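The values are calculated or read from the model by the stated rules, or taken from the named source; none is laboratory data. These numbers come from a predicted model, not from an experiment. Backbone-built Cβ (ideal geometry, glycine too); neighbour counts: all protein chains shown.
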Amino acid sequence: MIREARTHVSRNEPLLFELSSPGKKGYQLPELDVPPVDAAEVLGAENTRAEIEGFPEVSEVEAIRHFTRLSTWNYAIDLGVYPLGSCTMKYNPRVNEAVARIEGLAWAHPYQPEPLVQGALEVMARLEAALAEITGMDAVTLQPAAGAHGELTGILLIRALLESRGNPRKKVLIPDSAHGTNPATAAIAGYAVENIRSNERGMVDVEALARIVDEDVAALMITNPNTLGVLEVNIRKIAQILHDKGALLYMDGANMNALAGITRPGDNGVDVMHLNLHKTFSTPHGGGGPGSGPVAVKRHLEPFLPVPRLKQQDGKWVFDYQRPLSIGRVRAFYGNFGVLVRALAYIMAHGGEGLRNATLDAVLNANYIRKKLEAHYEIAAEAPSLHECVFSDARQAKHGVRTGDIAKRLIDYGFHPYTVSFPLIVHGALMIEPTETESKRELDAFIDAMISIAREVEENPELVTKAPHNTRIGRVDEVTAARRPVVRWRPK
Ligand SMILES: *Cc1c(COP(=O)(O)O)cnc(C)c1O
C-alpha cells in the first residue's frame, strides 16, 4: 500500500481489504432476547459457513467513507462534458429515467402473455412508428441490443434478400472513414471486405465508387455523417450507383443526432440502417449497461426482419411468428425494453420540433468549438462539420507532443478527454463531439482549457507530455494492463 502524506486523502484510498482489521464491525445488535438456534441445523450445513476467506472487517464510517471517496474518482456526465467523438455521450433528462421506472413497465415479465402486456406492446409499436418516421423508412425491428448488433442484423437482411434473388454475392464495400464495427460486421456475415478511400474532403469518392461496384458487391456500408463529422453530400448518387448494379446501401445511423428532424436517410436512397438508442435517444451509455440498435428497412427488406413481428389483430397487439422469409430471432425476448421506453419518452417529450432543435444545437456546438480551436489546432478535413469536429496534432507534434498527451493534460483541467487517435485516417486525431446538451458556458470552459494546453505545448511541452499531474494515478502501462490484467485481490 502506498501512503504518501503529500497526497490528498481521497486520492490515497486503499482497497477495502487493506483497510480491514480483525474484529471490526459496521453494525451493533442488541443482546439476544430469544433462545439461540444453530443456523447450520435450521438451514442445513451446506447452506452455512463459518467464515469467508479474506472478508474485510471495517467500521460503518470506514465503509461509508471508502465508497464515497471512490465515487469522487469517477468522472460523470453529471459533473461535466464528455467530448468523446463518435460516442454521443450526452446528458439525458431525468424524466426519461422516471418513465422507465414506472411500475407497470419496469416489472413486466418479458414473456407475459400478450393480452396482459398490451401497454408494453403499444410502447414498442409506437416507438417503431416514430423511428420509421424519423428515418423515412418503412419498417423497424427493435430486437438488436447494440449498434454493432444492428449492423449484423442489417447485413443478414441484405444477404437474405440477395439470396432470395438467387445470389448472396461476395463483397461489402466500406469507406476508410467507417467505424471499426462495420468491417467486423461484414466479415461475420460472411462477406469479403473491400476498403474504399475517402477523397480529400473526407467523403466517399463517387467516381472511384462507380468503377468498383460490380455484380459481386452486396452492399456499401456508409456512416453518415461519417466519422470525420462530415456529411456525405452525394448520398443519392451513391445509392443510385449501387442500385444500378443490384447492390444495396446500408447506413450506419449511429450519428443520427446530426440528422434527426432535418433530413431522412429513407428519402435519400438508403435501404437499411441502424440507430443507436443509447447514443441519440436518451439511454446513457459508457457504463456497460443495456443498449439498443433498432434496424429500419425499406419495404423490400421487411419480409426478412427478425421474428416475431408486432401486428394488430381485432384491435389488440399480438406477435406474429408466421414469417417464412425471416432471418429468425437475433436476440432473446423482444429487445432491451427499458431502453425502448426511454427512447419513446425522449421522442414524445421533444416532439418533431424539439428533435430538430436538438440536431441544430448539436451541429451549432460542434461548429462553435471548431471555429474557436481552428487557430490553435489543425483541422483534419476541409469540409463543413456537422455534430463533431476532428483535428490533428500536426502543430503540437513539432514540439514532441501527441494527441494522447493533450488528452492526459485535459484531465488536469477537470475534463474528460476527447476521442484520441480515431478515426484512423487522420494521423494523431483529436475528435471532439460536444453534443447538444452543453451550454455555451461549458463549451467556453472546455475551449479555454484546450487553448491553454496549446500554449503550454509551445512554452513548456514537458508539462503536457508528463501529464496528468493532479490525478491519483499518472500514466499506466496500457499494454500490460490490457494483456495481463490483475483483477483479483488475494490476501497476503
Ligand atoms: C458507436 C458506434 C457503433 C457501434 O455501436 P455499439 O452500440 O457500440 O455496438 C457503430 N458505428 C458508429 C458510427 C458508432 O459511433
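Annotation for segment 232-247: no member residue is within 13 Å of the ligand (Cβ to nearest atom), surrounded by 24 or more Cβ atoms within 10 Å (Cβ to Cβ) and charged (D, E, K, R). Scanning segment 211-240 for residues that are β-branched (V, I, T) and assigned to a loop (DSSP other than H, G, I, E, B), which turns out modelled with the highest pLDDT? Checking each candidate, the answer is V213. Filtered by the rule that a residue be hydrophobic (A, V, I, L, M, F, W, C), buried (at least 19 other Cβ atoms within 10 Å of the Cβ) and either within 16 Å of the ligand (Cβ to nearest atom) or part of a loop (DSSP other than H, G, I, E, B) (or both), segment 290-326 gives V295, A296, L305. In segment 11-32, is there at least one residue being part of a loop (DSSP other than H, G, I, E, B), within 30 Å of G229 (Cα to Cα) and either in contact with a Pro (Cβ under 7 Å, 6 or more places away or on another chain) or among the aromatic types (F, W, Y) (or both)? Checked segment 11-32: no residue is part of a loop (DSSP other than H, G, I, E, B), within 30 Å of G229 (Cα to Cα) and either in contact with a Pro (Cβ under 7 Å, 6 or more places away or on another chain) or among the aromatic types (F, W, Y) (or both).
Checking each residue in segment 120-165 for being among the acidic types (D, E), in contact with a strand residue (DSSP E or B) (Cβ under 7 Å, 6 or more places away or on another chain), more than 16 Å from the ligand (Cβ to nearest atom) and assigned to a helix (DSSP H, G or I) picks out E122, E128. Within this structure, G261 passes the test of being farther than 20 Å from L157 by Cα, more than 16 Å from the ligand (Cβ to nearest atom) and crowded, with 17+ Cβ neighbours inside 10 Å. Take the residues in segment 241-277 that are part of a strand (DSSP E or B) and touching a residue at least 40 places away in the same chain (Cβ under 8 Å); name whichever of them is nearest to A210 (Cα to Cα). The residue in question is L248.
One residue stands out in segment 394-428 among those that are under 19 Å from the mean Cα position of the chain (by Cα) and among the aliphatic types (A, V, I, L, M): the one that is surrounded by the fewest Cβ atoms within 10 Å (Cβ to Cβ), namely L424. Of the residues making up segment 457-487, those that are in contact (Cβ under 8 Å) with a residue 24 or more places away in the chain and either in contact with a Cys (Cβ under 7 Å, 6 or more places away or on another chain) or in a helix (DSSP H, G or I) (or both) are V457, E458, P461, L463, V464, T465. Remark: pairs (first residue in segment 128-154, more than 15 Å from A184 (Cβ to Cβ); second residue of a type in the set (D, E, K, R) and within 14 Å of the ligand (Cβ to nearest atom); Cβ separation under 8 Å; 6+ apart in sequence or on different chains) = Q143/R331; A145/R331. Give me the residue from segment 61-104 that is of a type in the set (S, T, N, Q) and part of a helix (DSSP H, G or I) and, out of that set, nearest to A366 (Cα to Cα). Going through the qualifying residues, I end up with N96.
Residues in segment 166-183 that are in a helix (DSSP H, G or I) and either more than 10 Å from the ligand (Cβ to nearest atom) or more than 16 Å from D252 (Cα to Cα) (or both): P183 alone.
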